[in-house]
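Everything below concerns the one structure shown next.
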Amino acid sequence: MKRILLLLLVVVCGLTSQAKVQLPRLFQSGMVLQRGTSVPVWGKADPHEKVIIRWNNRQYATVADADGHWRIDLPKMKAGGPYTMMVGDVVLTDVLVGDVWLLSGQSNIDVTIERVYPQYTDEIDHFDNPNVRLFRVQNEANPRGPQDDILPTAINWKPVNKQNAWLFSAVGTFLGLHMQQQTGVPQGIIVNSWGGTPIEAWISADSLQRDYPLAVAKTRLYQNADMVRAQQQANQLADQQWRQLLDERDPGVAQHFTSPDLDDSQWQPVDQYRNDWAKTPQGRGVVGSIWLRQHVTIDRAHALQPARLLLGTLFDADFTYVNGQEVGRTYYQYPPRRYDIPAGLLREGDNVITVRFVNKYGTAHFIQDKPYLLAFGDDRYSQNPMPRDVLPLSTRWLHHPGAQMPPCPSGDVSLQNMATTLYNAVLHPLAPYALSGVVWYQGESNSGNPDPYADLLRKLMGCWRSLWHQPAMPFCIVQLAKYMYPHDAGYKNWLRLRDQQRLVAQEDPYAEAADIFDLGEENDIHPLRKKEVAQRIAAAFSKLITRQ
């Protein structure tokens, strides 16, 4: 009996010694660790389990606490690599040591390399720098409190090349490349941004509770996951029902308005920049669908050739066809419409471009001063400079009503727009991963009420620094770029918020503002010159380093 018990004890001890160590998802092969400072490594194991890290020919050990949490702070390191790190039985390879930057905010951080490709075609085509690594935090919002880890992500410490960077933040990619060229050391870029989100979503509940208790209370209303799931499902079903009814009622679907052979001689000619074609007799924007067609004559030299159709920017959703074949669709207003036309689709003589607008709100329209053209040739993807061989489209279209619809019932739950939800889900789990600095590029969603922004920005910087236990954590605050015209409603608010950003940076010794006003576009909330934005951010961090 004693022998059996002894054998069981040996087996149990053996199993305990082989217990699996769990690392946060930030710790993966290919990662970049911050040089020149102690580097926290943490995770989970069995309670009271001994954890050993083998790194740089040395061992570091600790014991997990009663809840299985453990942490080891590695000593300061110089830039270099690649190295291998062993954490228990987990092996991480191709680890670099250099500088790590965290970029957060909303959609101007989200703007991808794919979106800005026409600005920098040759440079992006030749992207190839294994010393710059990209990590994209997967979007998640959580109203229930701070989380321990983030969701799995597709871009996890990928080296910069055209394929890996294509759907990654353009600002982040260009910042990493610029800093690597400047310093000669590896660069790690962590992006956790979310388009359309207000600053309140990125701040901890503790920081907001005193001055913004109602915002925190509203978030608490959505802590019941079953309720949130039910409302989200109801919203999806309402959207499906609305679109199904729209298609049933739309004469263009049954009568094949996309057909190149359709007789459209009775359609009404309209100018794309006069919105009367998109309004009801009462002057309200048409909710539902609208059809526009344009005939384009293609000569023999361009017939059957591949082309790119540039349709500027449209409001709101569009489904676009060339000679009856769909060439692209976009579901919301901001992305530029760049649709590739395959070889063989364009024919000599008459060709037809058909656009079906679908609007759930507002008034369908074309954005002025955007390119509306067909581009041919090998340089058709470039817009800087514009392609040499282009056929401008006419501003005259043929118009036919689609189907007017009642507003779509909406019970949408946008958790990401509520206070604290992004701090909980995609910020808190990143700490205390060692960083060189933070880029905060946000403000568009708070421009409707700019007055509290300075206070909220101070709270954000304070709670992030507290979370990392780094009161001197450097922040680069990217000010809003030029947008709208002086006569537009909201223009003054935009300027006031920019000034709030400037004031906060000015009063904080560890913050610097990046002024990008001249890089903006009056007619586009997402200006494309993101390489230049990255250069301004780098210059701001250089000032902070000099100041220290």
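The values are calculated or read from the model by the stated rules, or taken from the named source; none is laboratory data. Worth saying up front: this structure is predicted, and the values here are computed from it rather than measured. Reconstructed Cβ throughout: ideal geometry from the backbone, glycine too, with neighbour counts over all protein chains shown. Keep in mind that these areas ignore ligands, DNA and RNA; they rest on the heavy atoms of the full protein, side chains included. Shrake-Rupley method; radii C 1.70, N 1.55, O 1.52, S 1.80 Å.
So if we plug the beta-carbon distance of residue 391 and residue 325 into 1/(1 + (r/R0)^6) with R0 = 30 Å, what FRET efficiency do we get, rounded to 0.05?
0.95
Can you give me the % of accessible surface on the stretch 487-530 that is carbon or sulfur? Probe 1.4 Å, all protein chains present, nothing else counted. It would help to have the intermediate numbers written out before the result.
Working: 1010 of 2090 Å².
It is 48 percent, rounded to a whole number.
Once you charge only the Cβ atoms, +1 for Lys and Arg and -1 for Asp and Glu, what is the size of the charge dipole of the chain about its Cα centre, to the nearest 20 debye?
Working: 54 positive and 56 negative charges, 325 e Å.
Roughly 1560 debye, rounded to the nearest 20.
Quick one: which of 218/279; 218/482; 158/531; 78/158; 78/543; 459/543 span more than 26 angstrom between C-alpha atoms? All intermediate terms of the calculation are to be shown ahead of the outcome.
Values: 218/279 36 Å; 218/482 33 Å; 158/531 19 Å; 78/158 22 Å; 78/543 22 Å; 459/543 23 Å.
Flagged as over cut-off: 218/279; 218/482.
Carbon and sulfur atoms: what percent of the 1.4 Å accessible area of the stretch 264-341 do they account for?
47
Mind checking the per residue accessible area of the chain for me, 1.4 Å probe, whole number of Å²?
For the chain, the per-residue accessible area is 46 Å².
I'd like the chymotrypsin sites (Phe, Trp or Tyr not before Pro) in the stretch 250-279 restricted to DSSP loop residues with at most 11 other Cβ atoms within 10 Å, sorted by number.
For chymotrypsin sites (Phe, Trp or Tyr not before Pro) across the stretch 250-279 that sit outside H, G, I, E and B with at most 11 neighbouring Cβ atoms in 10 Å, the list reads 273.
Tell me, what is the FRET efficiency for residue 521 and residue 121 to the nearest 0.05, using R0 = 25 angstrom and their Cβ-Cβ distance as r?
0.85
Residues of the stretch 508-548 with amide nitrogen under 14 Å from the 7 Å Cα-to-Cβ point of residue 183?
538-546
Which helices of the chain meet both criteria: a Cα extent of 18 Å or more along the helical axis and a mean Kyte-Doolittle score no lower than -0.5, with helices taken as whole DSSP H segments?
Both cut-offs are met by 2-17, 170-183, 453-468, 530-547.
Please give the FRET efficiency for residue 273 paired with residue 226, using the beta carbon to beta carbon distance and R0 = 41 Å, rounded to the nearest 0.05.
The formula returns an efficiency of 0.25 here.
Determine which lysines satisfy two conditions relative to residue 44: a Cα distance under 16 Å, and not lying fewer than 8 residues away in the same chain.
20
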